[in-house]
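Pasting in a structure now, in C-alpha cells, and then I'll have a few things to ask.
All of the numbers you see were taken from the coordinates with simple rules; none came from a lab. Since the structure is predicted, the reported quantities are computational estimates derived from the model, not experimental observations. Neighbour counts run over all protein chains shown; Cβ positions are idealised from the backbone, glycine included.
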Amino acid sequence: MKYPQWWERLVAGIIDGVIMAIVTILISTILIAIGGGSLTAIRILGFFAAVLNTALIVGYKVFFESGQWQATPGKMVFGLKVVDENGQRGPLMQVLMRTWPWWVNLLGALAALLLIGWVINFLIALAIIGVFCTFFMPPGGRCLHDTTARMYVIKAGPGLIQTGA
C-alpha cells in the first residue's frame, strides 16, 4: 500500500471541513433564529443543532468512505482512498467506527446544555491533539481513528491535484 503525505490528508480534511461547515452553519443559524430572544430556547435548539450536525457529518463520512468511491470529496482531490487491512473497501460498521472523533461533538453539545463547557472543551481539545499528533507517526501516518478502526488511508491514484508523491 502506498501512503499519502501527511499534508495531503490535512488539506483533504480542510476541504471536507469547509463543505461540512457550510451545511452545519446554515442549520445552526436557522435553529438558533427559531429560538428568538429566549436564552433557554436558544440553548435547547443549539443542542439539537449540534446533534443534527454531528449526525450529518458522520453520515457524510460514512456515505463516501464506505461507498463506491471509498473517499470523501476532499480525499478524492488527492486520489486517496479509505481501505481495511486487506486493502479492500471497509464494511459499513468499520467505517462508522472510524468516525468516533466526530462523535465527540456531542459532548460539547451536552456541555453547552448543562453549562459546563470549559471542562468538555478541554477534553475535546485533548482528543483533537491526540488525533492530529498521529499524522506524523508511522506507518503511513495513520491517525488514531484509523488505528482503532483497523483502517488505512492510501494513495490510490493521481486525484485532481498532482502532488508527485
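Would you list which aspartates and glutamates come within 18 Å of K61, measuring only between C-alpha atoms, while excluding same-chain residues fewer than 8 positions from it?
E8, D16, D84, D146
Continuing with this model, one more query. Could you list which residues have their amide H under 5 Å from that of G159, counting only those 5 or more apart in sequence or on another chain, with H placed in the peptide plane?
Here the answer is G79, since their amide H atoms fall under 5 Å of that of G159.
Then there's this: Each residue of segment 59-70 in turn: what ³J(HN,Hα) in whole Hz from Karplus with 6.51, -1.76, 1.60 and θ = phi - 60°, glycine and Pro shown as x?
Ordered by residue, 3J(HN,Hα) equals x, 4, 5, 5, 4, 6, 7, 9, x, 5, 7, 6 Hz.
Separate question: Between L56 and V104, what length in nm is gained on full extension when 0.36 nm per residue of separation is reduced by their alpha carbon distance?
Full extension of this stretch gives 15.9 nm more.
Between E85 and W69, how many nm apart are label points set 7 Å from Cα along the C-beta direction?
The answer from the label model is 2.9 nm.
Grab the other residues whose beta carbon is less than 9 angstrom from that of A149, score K and R as +1, D and E as -1, and report the net. Before the final figure, lay out the partial values.
Details: positive: R98, R150; negative: D84, D146.
Summing Lys and Arg as +1 and Asp and Glu as -1 gives 0.
Hey, which lysines would be in cross-link range of K2, C-alpha to C-alpha under 16 Å, not counting anything within fewer than 8 residues on its own chain?
K75, K81, K155
Assuming a ≥ b ≥ c are the square roots of the Cα gyration tensor eigenvalues, decide whether segment 1-71 counts as rounded (a/c under 1.5), prolate (otherwise, with a/b larger than b/c) or oblate.
Numbers: a/c = 3.85, a/b = 2.59, b/c = 1.49.
Here segment 1-71 falls in the prolate category.
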